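Undergrad: After the structure tokens below, expect a handful of questions from me.
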Amino acid sequence: MMGDRDYRSLIKNSIESLGRELEVNIDSTNNNIIHLEEVVGCLRRAYYNRKDPIKEEQGGFSELISGLLRKLGYGSERASYDIGGMTLNGSADMMADNAIILFRPATDELKNPRAGDLLYLNSCMWMYDRTDGIIVYITGDRRESSFSLTRNKKMFEETVRRVRVLGDLLNDGKVPIVEPSSDCERCQYYQRCFTKQKESKQLTLSALLGMDKNE
């Protein structure tokens with residue numbers, strides 16, 4: 001606190017406002033248009049975001065990098081890709097020298113790129129008809145890890161499959177299966193997937209090992 005103003009809250013609210021400004025506009029009433037951001041991550045989360053959403057807390061400033069680049073004109077216009085009656089929408093953070101570039105936040109230098117980011121980058125290369133792409137991970141202290149990728153048809157077929165699966169489940173009102181990952185513990189829908197139950201009976205080590213003398 002400085003004087004009568006809570007500057008921490010002021011900064012938090014400003015970042016949240018910026019995050020809302022940069023959010024992808026998803027029409028939850030149109031299941032024929034699926035966004036790339038939805039299918040490279042957890043399909044169950046994407047389903048709940050459309051059908052029964054819980055407000056998600058906005059991330060830190062580093063997580064807004066890609067949105068800011070697009071907003072400032074460095075990124076490309078959102079592209080559409082027809083998938084036989086369905087449409088996949090997505091956008092690249094930057095296009096330079098005929099290559100797609102994505103920027104992603106990281107807490108530390110990475111040895112390997114994240115699977116969802118690879119799916120996203122590869123899909124962008126097909127949507128924008130580019131053959132090469134780069135993912136750049138940036139930490140809070142400005143360290144970076146970069147990975148290159150050449151366009152891969154099999155990987156894009158997996159994205160297309162996930163688009164169709166999500167579309168069908170949305171139309172049928174069926175919740176996707178749980179896809180456990182390291183992101184689950186930070187997900188706003190954690191309790192819907194992993195219900196915590198308190199064990200009412202007191203258990204001892206001897207009982208678990210079948211050594212309880214009273215039995």
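Undergrad: If I filter the range 118-126 for residues that are out of contact with any strand residue (DSSP E or B) (no Cβ under 8 Å at 6 or more places or on another chain) and free of Cβ contacts under 8 Å to residues at least 12 places away in the same chain, do I get at least one hit?
TA: no
Undergrad: Hey, another quick one. Under the condition of being open to solvent by 40 Å² or more (accessible area, probe 1.4 Å) and part of a helix (DSSP H, G or I), which residue from the range 111-121 is nearest to S148 (Cα to Cα)?
TA: Among residues in the range 111-121 that are open to solvent by 40 Å² or more (accessible area, probe 1.4 Å) and part of a helix (DSSP H, G or I), the one nearest to S148 (Cα to Cα) is L118.
Undergrad: In the range 29-54, which residues are of a type in the set (A, V, I, L, M) and over 11 Å from R192 (Cβ atoms)?
TA: Answer for the range 29-54, where residues must be of a type in the set (A, V, I, L, M) and over 11 Å from R192 (Cβ atoms): I33, I34, L36, V39, V40, L43, A46.
For (1) of a type in the set (A, V, I, L, M, F, W, C); (2) at pLDDT below 80; (3) open to solvent by less than 40 Å² (accessible area, probe 1.4 Å); (4) under 30 Å from G173 (Cβ atoms), each residue gets a yes or a no:
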position: V24; (1), (2), (3), (4): yes, yes, no, yes
position: L43; (1), (2), (3), (4): yes, no, yes, yes
position: N49; (1), (2), (3), (4): no, no, no, yes
position: S62; (1), (2), (3), (4): no, yes, no, no
position: G75; (1), (2), (3), (4): no, yes, yes, no
position: R78; (1), (2), (3), (4): no, no, no, yes
position: D93; (1), (2), (3), (4): no, no, yes, no
position: N98; (1), (2), (3), (4): no, no, no, no
position: E109; (1), (2), (3), (4): no, no, no, no
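Undergrad: Still on this structure, please answer the following. Can we say E179 is part of a helix (DSSP H, G or I) and of a type in the set (D, E)?
TA: The answer is no for E179.
Undergrad: Could I ask something else about it? Mind checking whether some residue in the range 194-211 is out of contact with any strand residue (DSSP E or B) (no Cβ under 7 Å at 6 or more places or on another chain), modelled with pLDDT of 95 or more, within 27 Å of R45 (Cα to Cα) and assigned to a loop (DSSP other than H, G, I, E, B)?
TA: No, every residue in the range 194-211 fails to be out of contact with any strand residue (DSSP E or B) (no Cβ under 7 Å at 6 or more places or on another chain), modelled with pLDDT of 95 or more, within 27 Å of R45 (Cα to Cα) and assigned to a loop (DSSP other than H, G, I, E, B).
Undergrad: Something else: Output yes when any residue across the range 129-151 is in a helix (DSSP H, G or I) and either modelled with pLDDT under 95 or surrounded by fewer than 15 Cβ atoms within 10 Å (Cβ to Cβ) (or both), and no when none is.
TA: Taking every residue of the range 129-151 in turn, none turns out to be in a helix (DSSP H, G or I) and either modelled with pLDDT under 95 or surrounded by fewer than 15 Cβ atoms within 10 Å (Cβ to Cβ) (or both).
The values are calculated or read from the model by the stated rules, or taken from the named source; none is laboratory data. What you are looking at is a predicted structure, and each value in this text was computed from that prediction instead of being measured. In this analysis, Cβ positions are derived from the backbone assuming ideal geometry, glycine residues included, and neighbour counts consider all displayed protein chains. Just so you know, the surface numbers come from the protein's heavy atoms only, side chains and all, with ligands and any DNA or RNA stripped out. Shrake-Rupley method; radii C 1.70, N 1.55, O 1.52, S 1.80 Å.
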